[in-house]
Amino acid sequence: MKSPSKSNRLINEKSPYLLQHAHNPVDWYPWGEVAFEKAKSQDRPIFLSIGYSTCHWCHVMEKESFEDEKVARLLNENFVCIKVDREERPDIDNIYMTVCQMLTGSGGWPLTIIMTSDKKPFFAATYIPKESRFGMAGLLDLIPKISQIWANQRGEILNSAEQVITTLKWYPQTSKGEELDASILDSAYGDLLNSFDENYGGFGSAPKFPSPHNLIFLLWYWKRADHQKALHMVEDTLKKMRQGGIWDHVGFGFHRYSTDRFWLVPHFEKMLYDQAMLALAYTEAFYATGKSEYKETVEELLQYVLRDMTSSEGGFYSAEDADSEGEEGKFYLWTEEEIRGNLGDETENFKKVFNISKDGNYIDEIKGKKTKKNILHLKKSYSDLAKDMDVPLEELKINIEKARQIFYANREKRVHPHKDDKILTDWNGLMIAAFAKAGFVFGNADYIGVAKNAADFILTNMDDKDNGLLHRFREGEAAIPGFLDDYAFFVWGLIELYESTFELKYLSHAIEYTKYSIEHFWDEEGGGFFLTSDHAENLLVRHKTGYDGAIPSGNSIAMLNLIRLARISGNSGMEEKAQNVKLAFSSDINNHPLSHTQFLTAYDFLVGPSFEVVIVGDLDSEDTKDIMNLFREYYFPNMVLLHKPIDRSTNIESISPFTKDMSTINGKTTVYVCRNFSCELPTNDKEKILKLLNVKNIL
């Protein structure tokens, strides 16, 4: 690393991504008025580069170009250069990624935008090489051309920029369509069925993303329609992912995505939001089927998060890089010689289990030298392998765990990938939801404690004390006004935390933040929520989206939150807002149901049947514990769960007035099953409770 005396202005930032570029010879500025004023006063265009700290191609472009003195000199002489961390500023990234998709038909990171000093773009690209090759213009050729056009054809550039802005103002804005009906759930199921990979699980071909919200939608759909094929698609996908190279068989956790259809060769970075959403999907699968393999996967995944991705304060870090020592995947790959050197006599069995060969399944090419390496993966389940190897299943698992620990200890001696240790409210909200849900379903108090610690960290450190959330925390500093996803995802976590603890403060905060988001993010004209609040920085446009991509959209989760909070509180205004969110995106959903599966999960809850269940009793009593086990034993995705203590230690009536007159029968824990706040007669008979909840085949 170069000496601090040669650092640029990024040296004073908190973002790990910006700090990675703080010693580049490029005269980088952070996003802000200082940069725009300089561009205006010097009559220069702006070179905007957007990425994130664990982005492989961002590293490549930095090494090739931004650390190169010749490229840096050209950039410094012709532009004012700005670096943006897309994870810190998703609002900026959202706008300019949309521009890139408009102008080029595709997008990705690093994102490269050239624009005027008033933020109007006229050129967009993703990764750009240093030198021109394979028909792709390199920076050394591109910069002089753009500089020449800026000097000699300014009018054309400005006209082009205005056209981009005109298009941007309606692209891809939503338009209200026809009311949705329940058949849209069948349409989404049909689309998933048509794209399902029968041989390897998942949907579509390469590259193959986990998309856990697709799986959660299918589980809810299976519960609704009793289509066994929906459950089959979920289970087959979860099993194939867990067996594949996308799962880290040594240290646990999921890599970002698979570059092939087999789930074998991953893009090796690990993102917090993937861990959270996949933990939720595997937890729901266990909840629905009772199969221990899904619970074991969640336990291993959460072990990784607790060990490697949890701060001492209780918050969760953002990501781990794909690269170490300048090579993608180096930390995770093994040669056959390394396997043999670690295991000795057990080598052959380990090779058979994890498909290790001398020729490898991954060719690592560095500086012209090719090395044959192995990505550990399974081709069969442990139970099938035990049969093939004629050993008891438990014995096989014990031997694999012993070998895993040896490899983990060996791997810990390697140079670790970079860890992005910033704490983001939205991604933490997802992880809080995952720990709280797993804690409830598994009856694991430790997981619930982790969720509480993280939620309390956010409440203490990332609330500006005016009901407003901040987006990022790092090195003792909370900053950046919260975005829609911060509110929606954190509220999701708080609701799950309430249902796993029945601590009223979490429910109260969930309602407060929801009201704040309605006040400051709501689109009064078109319905739904904007990405940014009404007092956020004024960018080119104010976008909103319902598209469920790598992670669910803020609007999808906000809609589900509104429905659940409406059913918990009896607040019809929140239910009406949920209906308006649905209508705001109905045209897009009707046209592309497969792009809105999390949205349709919320819609599934809305159209029902769904239930409000109130448990009246002492949480520490055996009666209540017995009733709670009932709600863990049977899969109830379409339910809100409330608790009313008999000692009035919490005032649930202040939030849920309809619980006011609810009491126990004969001093025993009693359950009220309600639909749309119309409650059946109370009961403490478990069989009757299940019948009221439409559970079939009660033994």
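Where a number appears in this text, it was derived from the coordinates with a stated rule and is not lab data. If you're wondering where the values come from, they're calculated on a predicted model, not measured in any experiment. Here the Cβ positions follow ideal geometry from the backbone for every residue, glycine too, while neighbour counts run over all protein chains shown.
Which Cys residues of the chain have no other Cys Cβ less than 4.7 Å away and so no disulfide-compatible partner by this rule?
Result for the chain is Cys81, Cys100, no neighbouring Cys Cβ within the cutoff.
First measure r as the distance between the Cβ atoms of Lys352 and Asp260, then evaluate 1/(1 + (r/R0)^6) with R0 = 22 Å and state the FRET efficiency to the nearest 0.05.
0.50
Provide, as a two-decimal number, the C-alpha radius of gyration of the range 516-613 over 2.2 N^0.38 Å, N being how many residues it has.
So the range 516-613 has a normalised radius of gyration of 1.07.
Using the alpha-carbon atoms, what tilt in degrees (0 to 90, nearest 10) does helix 554-569 show relative to the longest principal axis of the chain?
Approximately 20 degrees, to the nearest 10.
Within the range 4-168, what percent of beta bridges assigned by DSSP are antiparallel, to the nearest 5?
The antiparallel proportion sits near 55 percent.
How large is the charge dipole for the chain, taken about the Cα centre, if only the Cβ atoms of Lys, Arg (+1) and Asp, Glu (-1) carry charge, to the nearest 20 debye?
1040
By how many degrees, 0 to 90 and rounded to 10, does the Cα axis of helix 425-442 deviate from the longest principal axis of the chain?
30
Of the trypsin sites (Lys or Arg not before Pro) in the range 116-216, which ones lie in a loop per DSSP and count no more than 13 other C-beta atoms within 10 Å?
Passing sites in the range 116-216 are Lys169.
Could you list which residues have their amide H under 5 Å from that of Tyr362, counting only those 5 or more apart in sequence or on another chain, with H placed in the peptide plane?
Correct list: Lys373, Ile375.
Quick one: helix 212-225 against the long Cα principal axis of the chain, what's the angle to the nearest 10°, folded into 0 to 90?
Value to nearest ten degrees: 30.
Identify all aspartates and glutamates with a Cα-Cα distance to Lys582 below 15 Å; exclude those on the same chain that are fewer than 8 residues away in sequence.
In chain and number order, the partners are Glu178, Glu179, Asp181, Asp523, Glu524, Glu525, Asp548, Asp604.
Count the DSSP beta bridges whose two residues both fall in the chain, then state the antiparallel fraction as a percent rounded to the nearest 5.
Roughly 75 percent of the DSSP beta bridges within the chain come out antiparallel.
Take the range 281-338, drop everything but the C-alpha atoms, weight them equally and run the Debye formula without solvent; then report log10 I(q)/I(0) at 0.13, 0.23, 0.24, 0.28 Å⁻¹ to two decimals.
Taking Cα atoms of the range 281-338 as identical point scatterers yields -0.57, -0.93, -0.94, -1.01.
Using only Cα positions of the chain, each an equal point scatterer, no hydration layer, compute I(q)/I(0) via Debye at q = 0.05, 0.10 Å⁻¹ and quote the log10 values to two decimals.
-0.26, -1.03
Which residues in the range 262-297 place their backbone N less than 13 Å from a point set 7 Å from the Cα of Ser205 along the Cα-to-Cβ direction?
Flagged as within label range: 262.
For the range 100-154, what is one quarter of the convex hull surface built on the Cα atoms, given in nm²?
4.3
Normalised radius of gyration for the range 508-561, please: alpha carbon Rg relative to 2.2 N^0.38 Å, two decimal places.
1.15
Checking the table Lys130/Lys372; Lys70/Lys119; Lys208/Lys379; Lys352/Lys387 against a 23 Å threshold on Cα-Cα, which pairs fail?
Exceeds cut-off: Lys130/Lys372; Lys70/Lys119.
If I stretch the segment between Glu37 and Glu394 completely, what's the gain in nm (0.36 nm per residue apart, minus their alpha carbon distance), one decimal?
Residue separation times 0.36 nm, minus the Cα-Cα distance, leaves 121.8 nm.
All other residues with a Cβ under 13 Å from the Cβ of Leu74 taken together, and with Lys, Arg as +1 and Asp, Glu as -1, what is their net charge?
Computed value for this residue: -1.
Where q = 0.13, 0.20, 0.22 Å⁻¹, what log10 of I(q)/I(0) comes from the Debye formula for the range 330-416, counting one point per Cα?
One equal scatterer on each Cα of the range 330-416 leads to -0.45, -0.97, -1.13.
If each DSSP helix of 4+ residues adds -39,500 (n - 2.57) and the sum is divided by the residues in the chain, what number results at 222 nm, nearest 500 deg cm²/dmol?
-15000 deg cm²/dmol
First check a/c for the range 44-148, with a ≥ b ≥ c the square roots of the eigenvalues of its C-alpha gyration tensor; if it is under 1.5, answer rounded, and if not, answer prolate when a/b is larger than b/c or oblate otherwise.
Rounded.
Among DSSP beta bridges lying fully in the range 611-692, give the percent that are antiparallel, nearest 5.
For the range 611-692, the DSSP antiparallel bridge percentage is about 60.
Which order, highest average first, do 102-108, 77-83 follow once you tally other Cβ atoms within 10 Å for each residue and take the mean per peptide?
Averaged packing, sorted descending, gives the order 77-83, 102-108.
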